[in-house]
Structures are given as C-alpha cells and as structure tokens.
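Written below as structure tokens is the structure these notes are about.
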Amino acid sequence: MDKGALIVTGSGRGIGAATARLAAARGYAVCVNFASNRTAADALVGDIIDAGGEAFAQRADVARREEVAALFEAVDQRYGGLAGLVNNAGLAGQFGRLAEADPATIDRVIEVNVKGTIWCTQEAVRRMSTALGGKGGAIVNISSGSATIGSPGQYVWYAASKGAVDSLTVGLAKELAGEGIRVNAVAPGVVATDIHDDSGGPDRLAEMVAGLPMGRAARPEEIAGAILWLLSDEASYTTGTILRVAGGR
C-alpha cells in the first residue's frame, strides 16, 4: 500500500496532524513539517510509527525559501521522490479590525499563508511535473471559508491571504493539468483546534459555533478526510476545485 512520500506542512497539531495520521494510515510515507514545536512533531511521528506507518519530522519555516528548499531535499534524500503536498501551514494573528491590526502580524500572515504556499508548491512542481521528469502527483492547499465571507471584525487580512490561496489553486490547476499534477484546495469553516485560543481567546470557539447551521465546529479529522480524498485516485478528474467543508456556513 505504498503510495509514496507526502509532505504536510505545519503538521504538528490540528488539521495538519490529523492529515498526517490519516495519510500514514492509508499508505503514505509522511514528512511531518513543523516550524517551532519539535516536541509535538516528534510525538506525532512516534504515534504514526507505533501504528505501523512511516514518518519523520523536519523543521522548516515555510516563509523562508532556503528552509523550504532544505525541507524538500530532506524528503528527496529519505524517500527519493514525492507523491503529494499538503500546504497546511498557516496562521491568522489576533482577532480585530484592520485599522488596529499590528503591521508585523499582517506581514507574517502573508509571508506564511501566501508566500509559504507558493515556495512549497514551486518545489513540489519541480519534482512531480511530468514535463520536468517527474511522475505526477497531487497538491492540496488549505484555504478557509473566510476567503469568501471576508471575516469582518475578525481578521480580514487572513481572509485576504486565503483568497490568494484560492486564486493560486485555480490558476495552477490549469497550468499543470497537462503535467500530471492535480491542484485542489479545502476550505474549512470553524474547526475545533487551538488556533482560536491563539487568535481570540478561550471563549472564541464557542462564540463562533453559535452561528453555525450545524451547531458545532468540525473535528480536524473531518477536514483530513476531505484532504485525503482530493489526494486519492478517487479524485482523479478533480482539479482546480475548492472544496468547502464548513458545516453549511
């Protein structure tokens, strides 16, 4: 059931960790990328290996091109090829209005969410494109329901960064359709992860859930299931799609 190597960026926790676990269970050799929390990444790798899967952890700040290059080179050395990429690394910054937002926060969000996705995708395409000697593959970008609702009063800069991810997804899908690479995105809604504690405090998740049609937040595993479907052969005719997994929001 060896499906080849898969890089999941920002996979030490939340959606990324759930995706890494499910991918390993389905036969991928997973590179667990992290930027700072090695303890969480190593624990995840240990869990995957204990369950019979294959994984290793590699630190890289995706906003830094040289670190992204080193990340992909580490996968080359370990597995000799690449089957897929999940661009999951991202952050939002503190909730608030644009007028009061810290410029450093906005810079960092754009650097990670937009440039980081571009740098990782560029490295993946260089390895997977059949026009460049690769065997093809699949890329799944993690967008957000915020890209279409705008998230006013919360983090419109984050919403804008995810709008950029959507544009990248659609354009690259067309650019790479003849080179054996499918490019899609998943746009989650409210997910029960600690990003809400990081961005808006411990009560923020409950406040957001109150307005959801399904009346609850998604579990990270529910988002991971959508990601793995887009990576799979079952989605062989799906490219340029932004799959909204947002509980009706």
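Each reported figure results from applying straightforward, stated rules to the coordinates on display, with no laboratory input. Since we're looking at a predicted model, the values are computed, not measured. Please note: Cβ atoms are built from the backbone with ideal geometry, for glycine as well, and neighbour counts cover all protein chains shown.
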For PRO213, the net charge from surrounding residues (Cβ-Cβ under 13 Å; K, R +1; D, E -1) works out to +3
Descending Cα extents along the principal axes, the stretch 4-245, whole Å | 47, 40, 35
Mind telling me which of GLY16, GLY90, GLY52 comes out most flexible in a GNM of the chain, alpha-carbon contacts under 10 Å?
-> GLY52
Across 10 Å bins from the origin, how do the percents of Cα pairs in the stretch 52-121 run, short distances first?
-> 18, 42, 25, 12, 4
Reach of LYS174 by Cα under 17 Å, taken over aspartates and glutamates that are not fewer than 8 positions away in the same chain = ASP166
Charge sum, other residues only, whose C-beta stays under 12 Å from ILE149's C-beta, Lys/Arg counted +1 and Asp/Glu -1 | +3
Could you work out which residue, out of GLU175, GLU100, GLU207, moves most in a Gaussian network model of the chain, that is, has the largest mean-square fluctuation with Cα springs under 10 Å?
-> GLU100
For LYS174 and SER236, FRET efficiency with R0 = 22 Å and r from the beta-carbon atoms, rounded to 0.05?
-> 0.85
Final fewest-first order of LEU212, LEU176 on the 10 Å Cβ neighbour count is LEU212, LEU176
Is it possible to state the helix-based mean residue ellipticity at 222 nm for the chain, with each DSSP H run of 4+ residues giving -39500 (n - 2.57), the sum divided by total residues, to the nearest 500 deg cm²/dmol? What is it?
-> -13000 deg cm²/dmol
How much length is gained if the chain between GLN77 and ILE49 is pulled fully straight, taking 0.36 nm per residue apart and subtracting their Cα-Cα distance, in nm to one decimal?
-> 8.2 nm
Centroid-to-centroid separation of the stretch 82-151 and the stretch 20-67 [C-alpha atoms, Å] = 18
Surrounding net charge for SER36, when Lys and Arg each add one and Asp and Glu each subtract one, Cβ distance under 10 Å = +1
How are the Cα pair distances of the stretch 108-249 distributed, in percent, across 5 Å bins from 0?
-> 2, 10, 18, 21, 20, 13, 9, 5, 2, 1, 0
Comparing ALA41, ALA147, ALA206 in a Gaussian network model of the chain (Cα, 10 Å), the one with the largest mean-square fluctuation is ALA206
Note down the relative contact order for the chain as a percent, whole number, built from C-alpha pairs under 8 angstrom at least six residues apart.
-> 19
Residue span GLN94 to GLU207: 0.36 nm per residue of separation minus Cα-Cα distance leaves a gain in nm of 39.1 nm
Arrange SER129, SER232, SER144 by Cβ neighbour counts within 10 Å, fewest through most, would you?
-> SER232, SER129, SER144
Counting sequence-distant residues (5 or more places) and residues on other chains, those with an amide H built under 5 Å from that of VAL245 are ALA187, GLY189
